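The values are calculated or read from the model by the stated rules, or taken from the named source; none is laboratory data. Model, not experiment: these values are computed from the prediction. All Cβ positions, glycine included, derive from the backbone under ideal geometry; neighbour counts span all protein chains shown.
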Amino acid sequence: MAKTVIEIKKNPNENNASVLRRFSRRIQESGIIRKVKSARYNIRKESKLKVKKSALKRMTRRKEIEKLYPRQRV
């Protein structure tokens, strides 16, 4: 996402509530909130190295468990 700067300057005869209202209106018009909410739940894929490492950990753990509880032959 590109950085967007929204700048609001308070006019001399303006109260804080109207400045805040003007600022929130500018943000709504710029679409920043919509972009953030749409990207909120995007989950990045894990790197290949991390996936391989976790798979190796699972395999070693499984082997250790098999050593502790050998299978009974029928």
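Give Lys35, Lys53 a once-over and let me know the one that is in contact (Cβ under 8 Å) with a residue 24 or more places away in the chain and not in a loop (DSSP other than H, G, I, E, B).
Criteria check complete, one pass: Lys35.
Quick check on this structure: which one of Glu66, Glu7, Glu46 is of a type outside the set (Lys, Arg), surrounded by 10 or more Cβ atoms within 10 Å (Cβ to Cβ) and in a loop (DSSP other than H, G, I, E, B)?
Of the residues listed, the single one that is of a type outside the set (Lys, Arg), surrounded by 10 or more Cβ atoms within 10 Å (Cβ to Cβ) and in a loop (DSSP other than H, G, I, E, B) is Glu46.
Mind listing whichever residues of the range 17-44 are modelled with pLDDT of 90 or more and more than 18 Å from Val5 (Cβ to Cβ)?
Ala17, Ser18, Arg21
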